[in-house]
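As structure tokens, the structure follows; a few thoughts come after it.
The values are calculated or read from the model by the stated rules, or taken from the named source; none is laboratory data. Nothing here was measured: the structure is a model prediction, and the numbers come from that model. Here the Cβ positions follow ideal geometry from the backbone for every residue, glycine too, while neighbour counts run over all protein chains shown. Note: accessible area is taken over every heavy atom of the protein model, side chains too, but ligands, DNA and RNA are not part of it. Shrake-Rupley method; radii C 1.70, N 1.55, O 1.52, S 1.80 Å.
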Amino acid sequence: MAKQKFYVVWEGHQPGIYTSWDSAKQQVDGFPQAKYKSFASRAEAEKAYKGSFWAYAGKDTKTVKKSLEELERAGVRLDSLAVDAACSGNPGDMEYRGVHTRTGQEVFRVGPLPDGTNNVGEFLALVHGLAWLKQQNRPNIPIYSDSRNAQLWIKAKTCRTKLEHTGQNDPIFEMIDRAEKWLAVNKVTNPILKWQTSEWGEIPADFGRK
């Protein structure tokens, strides 16, 4: 069982301390210049929340990465693709990537692109992963994502973002359009699985910026 992590949101939709990344993510997604960070204990999180984000920004909170053996025992399918996105600001500079879960080898990476959001990046990462696996003729290899929103959007075959066009983010909207068209004409056969961050640690494709 993975050690519990605590997430401090200094600036977000509802600042506070959260016990899961999914809950914390809801508070920072779509919030301009959101400020947040993870901690290994509630005491550390409470102390940090009473202080300033800038006292902790950029500092390692000593997140423990689980070994492959531990992940396999926990039920993770290591012969799989893991995808993740990162966004500096939200909207801000967005990027995403996919890595092989067992080896950590990066198989694709896109961005950063201006005026994107984390949710859009997660959606595009999943579609990119599905298309890449189809090209590799691997229709049964699972894809892990830690984003419930992205998985729901894939199921709906629509990117349900409220992101506004700014001119600078035209390339992102072009990618969204291509992704939706791909989903419309391709059958999704690869299992899309939720990465259980609270139990397994950060997803292998994580950019390490939380």
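The figures follow:
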| read-out | value |
| --- | --- |
| Inter-residue pairs, beta-carbon under 6 Å, first under 15 Å from S147 (Cα atoms) and of a type in the set (F, W, Y) and in region 87-99, second buried (at least 19 other Cβ atoms within 10 Å of the Cβ) and modelled with pLDDT of 85 or more, 6+ apart | Y96/A85; Y96/G121; Y96/L124; Y96/A125 |
| Complete set of residues in region 171-201 that are under 26 Å from A45 (Cα atoms) and either open to solvent by 40 Å² or more (accessible area, probe 1.4 Å) or modelled with pLDDT of 95 or more (or both) | Q196, S198, E199 |
| All positions within region 28-49 that are open to solvent by 60 Å² or more (accessible area, probe 1.4 Å) and at pLDDT below 85 | P32, Q33 |
| Qualifying positions in region 124-168 - among the basic types (K, R) and either loosely packed, with under 12 Cβ neighbours inside 10 Å or touching a residue at least 60 places away in the same chain (Cβ under 8 Å) (or both) | R148, K155, R160, K162 |
